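S.K.: I'd like to ask you about the structure that follows.
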DNA sequence: CTAATTGTCAACCATATAGTTGAATGTTAA
DNA sequence: TTAACATTCAACTATATGGTTGACAATTAG
């Protein structure tokens, strides 16, 4: 008796925490642009910062936010940090959004119906 | 010459502004829960607030954020405000995310390959 | 060894967020 | 007409955000 498990498999962060972090990370255009850059391949912090009109420090902070959301990984090689895109967490966000797909496909469907019946 | 158009079709908010608003709106679990409620049908503000352990005012503010992002519409009928889900803007966010799908489908693909070749 | 490079840390600032309480507005019901 | 109801507005608090500058630690190059 009283054998309820102590390790509750709390995945450290539950789904809501994770979605909070991911959506928050995506809610900034500079961070989205950083992800777009990383989609072209891994890159050093300085190179990532170069296209933006803000300080290296600001980019460093943005990368920390992305890292916390699991969207960026980092390999430290001497003094240079190589950052890489980790898109997997976006799948969670995408799935969450996809659950609402039927609510916006309706309009499209009626447009399709309209087009399909236009020959009448 | 010098006939460049003056009305640049600035849709008042450009795509980045819109994504900022949408992702920010989604980056809060209470607001996501509100959208989930509204997915079941339109609802009055008071009814929306009832399941949450926060003040009506807090919910009122969350609804304002969702409205600003275009995710909620409101029909005022006397003293009661009827809120409804407007999922369409989610499509933009979904499309943005979908552009990264190939970066996480890789893993899934190799799993599919593995399964498909398991008979060898 | 010294100097330049890479990147973070620390402190600071202005603004935004999420929440509160209390008052105000408008609407419906008794 | 008065009282209850449905919401927002206003003011306030605590914390987070995005940015800055300057210092620091570590690595590499001259």
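The values are calculated or read from the model by the stated rules, or taken from the named source; none is laboratory data. Since the model is a prediction, treat every value here as computed from it, not as a measurement. Ideal geometry is used to build each Cβ from the backbone, glycine not excepted, and the neighbour counts take in all protein chains shown.
S.K.: Based on what the data block shows, is residue A:72 closer than 22 Å to residue B:98 by Cβ and away from DNA strand C (no atom under 12 Å from the Cβ)?
M.R.: In short, no.
S.K.: How many residues, within region A:71-80, are in a loop (DSSP other than H, G, I, E, B) and near DNA strand D (Cβ under 10 Å from one of its atoms)?
M.R.: Summing the residues that are in a loop (DSSP other than H, G, I, E, B) and near DNA strand D (Cβ under 10 Å from one of its atoms) in region A:71-80 gives 2.
S.K.: Look through region B:51-60, keep the residues that are surrounded by 12 or more Cβ atoms within 10 Å (Cβ to Cβ) and within 10 Å of DNA strand D (Cβ to nearest atom), and return whichever of them is farthest from residue B:19 (Cα to Cα).
M.R.: Only one residue tops the list, namely B:56.
S.K.: Is it fair to say residue B:75 is in contact with a strand residue (DSSP E or B) (Cβ under 9 Å, 6 or more places away or on another chain) and at pLDDT 95 or above?
M.R.: Considered against the rule, which asks whether it is in contact with a strand residue (DSSP E or B) (Cβ under 9 Å, 6 or more places away or on another chain) and at pLDDT 95 or above, residue B:75 comes out as yes.
S.K.: Whether any residue in region A:24-45 is within 8 Å of DNA strand C (Cβ to nearest atom), free of Cβ contacts under 8 Å to residues at least 12 places away in the same chain and within 20 Å of residue B:104 (Cβ to Cβ) is what I want to check.
M.R.: no
S.K.: Moving to a separate point now. Could you pull out every one of the helices (runs of 4 or more DSSP H) wholly within region B:1-70 that has 1 or more residues that are at the interface with chain A (Cβ under 10 Å from one of its Cβ atoms) and modelled with pLDDT of 95 or more?
M.R.: B:15-26, B:29-38
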